[in-house]
Structures are given as structure tokens and as C-alpha cells.
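These notes concern the structure reproduced below.
Bear in mind these aren't lab numbers, they're just calculated from the coordinates by the rules spelled out. These numbers were taken from a predicted model, which means no experiment stands behind them. FYI the Cβ positions are ideal-geometry reconstructions off the backbone, even for glycines, and counts take in every protein chain you see.
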Amino acid sequence: MATVAFWAAAVLLAQTYFLYPLWLLVLARVKRGEGSAPAHPRVWPSVSLVVAAHDEAECIDEKLRNSLALDYPPDRLEVLIGSDGSTDATDVIVEAHPDPRVHLSAAPRAGKTSVLNRCIPAARGDIVVLSDANTRIEPGALKALVRHFEDPEVGAVCGRLQLYNPTRAEYEESAYWRYESWLKAMEGKQGAVVGANGGLYAIRRDLFTSLPPSTIVDDFVIALRLLDQGYRVLYEPQALASEETTEDYGREFGRRARIAAGNFQSLGLVPGLLSPFRGFPAFAFWSHKVLRWCAPALMLLALVANVVLLDAPFYRFTMAAQVGFYGLAVLGSVAVGPALVRRAAGIAYYFVTMNLAIAVGFWRFLRNSQAAAWERTARA
């Protein structure tokens, strides 16, 4: 039993982190991707840029200026700021903006999902582009996203979000984020990106259905619902946006735990994608997400089973490898040693803390203790 448990855990971990990317490469070669979208659709559709904001006075004016400067026909663009019980000057700044394309929808604090349930149906645009208040969008991003909707089978298009750290160019999250962005790009070739980047993605307004108010990761669930309905969810690397990360590890850990709780919650919101009969979307959902969420349990199982198997030389080697990896993660928590060692230790530390956050998120999910309302992350 210990042998079966060890290899089951090892294979499932390998599937989510190593084998799934290889499957994506194979599929990209054997299955010809969809034809590229037209550079200019026959008519540019009307677009509503919807931004959920809570106490964003420090950046909301810059967000408005950035949004209104986007390269898109001015008469076909509106910017709708959904204020979620802001107690600072956010509402005042938005209301005072002179451009008539800027609109404010303010309501008491109820969470981002409630903002979207209120604002998306009220939006005037045929296409709704969702973004965060602290996300800077490149000028050509809207056209890059919107051109894909000429295909009636496309339900959503995910942009490319770049994370940057103002003080550390090689912040640990950057390597992991590049890996995740590559996975999204490869999934996009199959028309099944599993989850959108909340910083920038577009959906057809008439496909949006209200989310349960308790929904925690709205961007993830919205994309999954569209896949569940049979629509394609694409990835557009030319639709570029950027967002600053934080070095406040405590708050960042809390953010990851919150997202993890929302991920487990999503299993009950899109159960259809768990069926193996749903084809590639189900395969991607299981491989990219569900197994990833099981990783903390699988890592623990592999370690415990390995202890039972220490009589065999091979399993003494695998135990040494596991202990060495976790020791490297501990070293990464103190950031000492030569640069190469610090870099490797930082990645190991990021990986372990990410999985600890998943475990915490799962506990919150079981206790139903994770609130839907989000707290903005402090930035430099």
C-alpha cells in the first residue's frame, strides 16, 4: 500500500507540474490551432471597461486616464467604475471626472461579485472588459481582445498580465507567473483557457449570468462557466497589461489562501467540467487546477509513504531528495548564501508557501470562513 500511495502521489504531482505542459506541446503539434482572428473586425463593437474598486483613491485617477487613452473608437467605449463601499475619495474622484464616458456605480460594501452582478448587466457595451484598479493597460490591448469576438463561438478572451516588482527584478513569483502565462497561452490554442486573469479579460455581456454573492474568485468562475456552456475561452498575448506585486509576504500569503478557498468553492459552481466526457476543457481543468489544489495532500502522502519504504535503497534516495527540497525552502525563508543558491532556495520557498496557502484555503473552505469581500493589497 505504501508503494502504491507513493507512486500515485508522485505521478499525480508530475501530471500537474510536468506532464500536462508536455501534453499541451503535443496537442499544439498534432491539432492545428484555430485560424487567427481578423486584425480589424467589420465594425468595432461597443465596449464597457468595468473596474471594481474599494478605497482606490491613490490610483483611480491614473486608472481613468489610462483607460481613456486606450486605442479604441472613443464613441464606442465607456468606463464604468463599480465602487464597493469606498470610504476614501474614490467616489469623489470618479464623479468629478470631466469625460462623459466615465460613469460611477456606487453601493455599500458587499464584495466584488456584487459589483459585477450590478455593473455588467447595466453596461452599455456588447463586450465587457474587466480590469483591476491597479492594472495598467497598454494602448492596443482592447482592440487585440475585441477582434476575437468576430467568432460567435468565442465567449471570453484573456489578456496577458505582466507582474513586476519595483525593487527586485527576479522576484520569485515572476518565474512561476511566466510558467502560468505559458500554460494559458497553450490552453488558448485549444480554445480552453482555464480561468482568466482578473487584471484584464473580456466577455460577451449577454453571456454573463449573475454569480452567487458568496463567490470568491469571480474571474475564475466566469471563465469556467463559459467553458461549461461550450464557448471557447482564448488567450491573447498582444493584449498586455501590467500590475505591481508586493513583498508583504504575510498579506500575499493571505491573498493566496483566499484564492485557494475560492478555487475549492468553484468545484460546486461548475461541476460539469469535472466530467471526463467534456473533452479537453475537463482534461485541462483536472490537470491544471484540480490536481494542483490536491498538491499539498499529495506532497504529504509522498513523504509519509516514503518513510514506510526506507528499507529499500531507492526510497532512501527519494527521501533524501524530498528532505533536501524542504531544507532548501527553509533556507529560502532567510535568503542567505550565494546568489544562485538564494535564487533556487527562493523558488523552493515560494513553491512550499504556495502549497501551504492552498492547505489554509482548503481549511477555510471547509469551515466556510472565507469572506467574499476582498481587501486591496498594499503596493509600493
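Remarks
- Number of Lys pairs (Cα under 21 Å; 8 or more positions apart or on different chains) in the chain: 8
- Charge tally in the Cβ shell below 15 Å around Leu13, where Lys, Arg are +1 and Asp, Glu are -1, Leu13 excluded: +2
- Overall form of the chain per C-alpha gyration tensor (a/c, 1.5; a/b vs b/c): prolate
- Think of the chain as a dipole: +1 on every Lys or Arg Cβ, -1 on every Asp or Glu Cβ, centred on the Cα centre; then among Leu27, Ala260, Tyr179, Leu27 lies furthest on the positive end.
- 3J(HN,Hα) from dihedral phi, segment 4-20, Karplus parametrisation 6.51/-1.76/1.60, rounded to Hz, x for glycine, proline: 4, 4, 4, 6, 4, 5, 5, 5, 5, 5, 5, 4, 6, 9, 10, 6, 4
- For Lys31, Lys189, order by how many other beta-carbon atoms lie within 10 Å, fewest first: Lys31, Lys189
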